[in-house]
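Chemist: Questions regarding the structure given below will be posed in turn.
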Amino acid sequence: MKLIIQIPCFNEEHALPDTLRDLPREIPGIDAVEWLVIDDGSTDRTVEVARAGGVDHVVRLTNNRGLAAGFQAGLDACLKLGADVIVNTDADNQYVGGDIPKLLAPILEGRADMVIGDRETDRIEHFSPVKKLLQRWGSAVVRRASDTRVADTTSGFRAYNREAALQIQVVSKFTYTLESIIQAGKMLVAVDHVPISTNPKTRESRLFPSTAAYVRRNGVSIFRIYALYEPLRLFLAAAMFTAAIGAVIWARFFWFVIQGDSGGHVQSLILGSTLFIVAVQFVALGVVGDILAGSRVLQQRILERVRRVELHLGVEPSHYEPGARPTGHEPTTGAQAGRATGKTEDREALKL
Ligand SMILES: Nc1nc2c(ncn2[C@@H]2O[C@H](COP(=O)(O)OP(=O)(O)O)[C@@H](O)[C@H]2O)c(=O)[nH]1
Ligand SMILES: [Mg+2]
């Protein structure tokens, strides 16, 4: 069984050495532990530092595409390099490398496909009260949309088995953490979580320069995810809210009519009608969104199968560079990539 630990990095030359020093090279129950750094167009010496620190594989994106894109490129490369299990951790040494076996346990025991490290954020001292509140509220929304019980939905310390990695395909630009949980909840991926510890803060968050940015970006992400994955629920709720206000305004109008006072209240009639039209439009949006969400699930299933075919054919990972140590698993030719069993004639037939 092969584990690849992947680390998304953007300009991490200072923090990366400590993070790498903390990572395990051997774990009971795992035959090979390899490290992969995703360099997302860093302008500093991240890649050199990664190689000096003994990283086995590098995925080097040419320009900065954001954490979610980097994470997805990493998952894809890990699968093609033959990983049976993939752990994601952050470059700022926030998570404790020694906790990786805890993350792996539910997967190795066959109880889960995806495991999320729970930082127990209420106990983290450097999280402001607003951040804690949003974390709690955002996590509750994600749990509801995903039908899972994940406590710390924004944690970047996670483990995935091959099945989970094959099924997850994040489209958000900014954050993969919330969307991947919702996808997992909707696909055939069993999600579990385990408590983990964190190291003291080493630097300010790059993803969220301020609490206001944290609130804004996570708020927008949660709204988008809800609109993408639960459009009917979201828009029907909006429709009911608008229609309820419209009904109150109409009731007021008819009250006056019954009292014999029919003059001067036309505004209420117009406003009530407008709100009712808006409510109907919300319902229409919900129905259209629901149809789109259905076809999205089908597309995702197709994509999952395309990935399986790619692995079978031994298609090489994109933007791949070997790291410091030769592992014997570098995908020098497609057919050698990872555990690929693809036949040369298949590849030739498809002109890959
Ligand atoms: N691929 C990619 N990774 C990034 C980017 N910005 C930050 N990261 C990585 O995302 C991880 C988390 O970033 P961090 O600043 O610690 O944010 P935090 O999760 O709020 O603590 C680190 O490994 C960063 O190197 C980016 O633009 N692209
Ligand atoms: Mg961090």
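The values are calculated or read from the model by the stated rules, or taken from the named source; none is laboratory data. What you see is a predicted model, and the numbers here were worked out from it, not measured in a lab. Ideal geometry is used to build each Cβ from the backbone, glycine not excepted, and the neighbour counts take in all protein chains shown.
Chemist: Kindly list the number of the only condition in (1) of a type in the set (Asp, Glu); (2) farther than 13 Å from residue 89 by Cα; (3) within 16 Å of ligand 2 (Cβ to nearest atom) that fails for residue 22.
Modeler: Among (1) of a type in the set (Asp, Glu); (2) farther than 13 Å from residue 89 by Cα; (3) within 16 Å of ligand 2 (Cβ to nearest atom), residue 22 violates only (2).
Chemist: Is there any pair linking a residue in segment 212-227 that is over 21 Å from residue 286 (Cβ atoms) to one that is polar (S, T, N, Q) and within 16 Å of ligand 2 (Cβ to nearest atom), with Cβ under 8 Å and at least six apart or on different chains, and which?
Modeler: Taking only residues 6 or more apart or on different chains, the pairs are 214/205; 217/175; 218/154; 218/175.
Chemist: Out of segment 108-119, which residues are more than 11 Å from residue 158 (Cα to Cα) and more than 16 Å from ligand 2 (Cβ to nearest atom)?
Modeler: Within segment 108-119, the first condition is being more than 11 Å from residue 158 (Cα to Cα), and the residues that meet it are 108-112, 119.
Once the filter is applied, which keeps residues that are more than 11 Å from residue 158 (Cα to Cα) and more than 16 Å from ligand 2 (Cβ to nearest atom), segment 108-119 yields 108, 109, 110, 111, 112.
Chemist: Within segment 23-40, does at least one residue satisfy the condition of being β-branched (Val, Ile, Thr), under 27 Å from residue 174 (Cβ atoms) and in a strand (DSSP E or B)?
Modeler: Residues of segment 23-40 that are β-branched (Val, Ile, Thr), as a first pass: 27, 30, 33, 37-38.
Still in the list and also under 27 Å from residue 174 (Cβ atoms): 37-38.
Restricting the remaining residues to those that are in a strand (DSSP E or B) gives 37-38.
Yes.
Chemist: Restricting attention to segment 241-268, which residues are aliphatic (A, V, I, L, M) and exposed (fewer than 14 other Cβ atoms within 10 Å of the Cβ)?
Modeler: Residues of segment 241-268 aliphatic (A, V, I, L, M): 243-245, 247-249, 251, 257-258, 266.
Those that are aliphatic (A, V, I, L, M) and exposed (fewer than 14 other Cβ atoms within 10 Å of the Cβ): 244, 248, 251, 257, 258, 266.
Chemist: Right, next: If we scan segment 81-97, do we find a residue that is touching a helix residue (DSSP H, G or I) at 6+ places or on another chain (Cβ under 9 Å) and in a helix (DSSP H, G or I)?
Modeler: Yes, segment 81-97 has at least one match.
Chemist: A follow-up question, please. Take segment 50-71 and flag every residue that is part of a helix (DSSP H, G or I) and more than 16 Å from ligand 2 (Cβ to nearest atom). Give the derivation first.
Modeler: Residues of segment 50-71 that are part of a helix (DSSP H, G or I), as a first pass: 50-52, 67-71.
If the condition is that a residue be part of a helix (DSSP H, G or I) and more than 16 Å from ligand 2 (Cβ to nearest atom), then 50, 51, 52, 69 are the ones that fit.
Chemist: Could you list, in sequence order, all residues of segment 72-92 that are surrounded by fewer than 24 Cβ atoms within 10 Å (Cβ to Cβ) and either within 16 Å of ligand 2 (Cβ to nearest atom) or not assigned by TED's automatic domain parsing to the domain that holds residue 9 (or both)?
Modeler: Across segment 72-92, the qualifying residues are 90, 92.
Let's see how each residue does on (1) under 24 Å from residue 79 (Cβ atoms); (2) acidic (Asp, Glu); (3) within 16 Å of ligand 1 (Cβ to nearest atom); (4) without any contact (Cβ under 8 Å) to a residue 12 or more places away in the chain:
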residue: 156; (1), (2), (3), (4): yes, no, yes, no
residue: 166; (1), (2), (3), (4): yes, no, no, no
residue: 173; (1), (2), (3), (4): yes, no, yes, no
residue: 188; (1), (2), (3), (4): yes, no, no, no
residue: 199; (1), (2), (3), (4): no, no, yes, no
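Chemist: Looking at 150, 194, 170, which one is in a strand (DSSP E or B) and at pLDDT 85 or above? Show your work before the answer.
Modeler: Numbers: 150 fails: in a strand (DSSP E or B); 170 fails: in a strand (DSSP E or B).
Just one listed residue meets the conditions, 194.
Chemist: Could you tell me whether residue 47 is away from ligand 1 (no atom under 11 Å from the Cβ), buried (at least 18 other Cβ atoms within 10 Å of the Cβ) and in a loop (DSSP other than H, G, I, E, B)? Lay out the reasoning, then the answer.
Modeler: Details: away from ligand 1 (no atom under 11 Å from the Cβ): yes; buried (at least 18 other Cβ atoms within 10 Å of the Cβ): yes; in a loop (DSSP other than H, G, I, E, B): no.
Taking the combined requirement at face value, the residue does not satisfy it.
Chemist: Residue under question is residue 270, and the condition is that it be more than 16 Å from ligand 2 (Cβ to nearest atom), modelled with pLDDT under 90 and in a helix (DSSP H, G or I); does it hold?
Modeler: Working: more than 16 Å from ligand 2 (Cβ to nearest atom): yes; modelled with pLDDT under 90: no; in a helix (DSSP H, G or I): yes.
So residue 270 does not fit the description; no.
Chemist: Ok, one more. Go through segment 102-136 residue by residue and tally those that are surrounded by 17 or more Cβ atoms within 10 Å (Cβ to Cβ), more than 16 Å from ligand 1 (Cβ to nearest atom) and not hydrophobic (A, V, I, L, M, F, W, C).
Modeler: 3
Chemist: Within segment 241-262, can one find any residue that is in a helix (DSSP H, G or I), among the polar types (S, T, N, Q), within 39 Å of the chain's Cα centre (by Cα) and under 30 Å from residue 154 (Cα atoms)? Before the answer, list the steps.
Modeler: Going through segment 241-262, the residues in a helix (DSSP H, G or I) turn out to be 241-258.
Now drop any that are not among the polar types (S, T, N, Q), which leaves 242.
Within this subset, residues satisfying the condition of being within 39 Å of the chain's Cα centre (by Cα) are 242.
From what's left, under 30 Å from residue 154 (Cα atoms): none.
No, there is no match, as no residue in segment 241-262 is in a helix (DSSP H, G or I), among the polar types (S, T, N, Q), within 39 Å of the chain's Cα centre (by Cα) and under 30 Å from residue 154 (Cα atoms).
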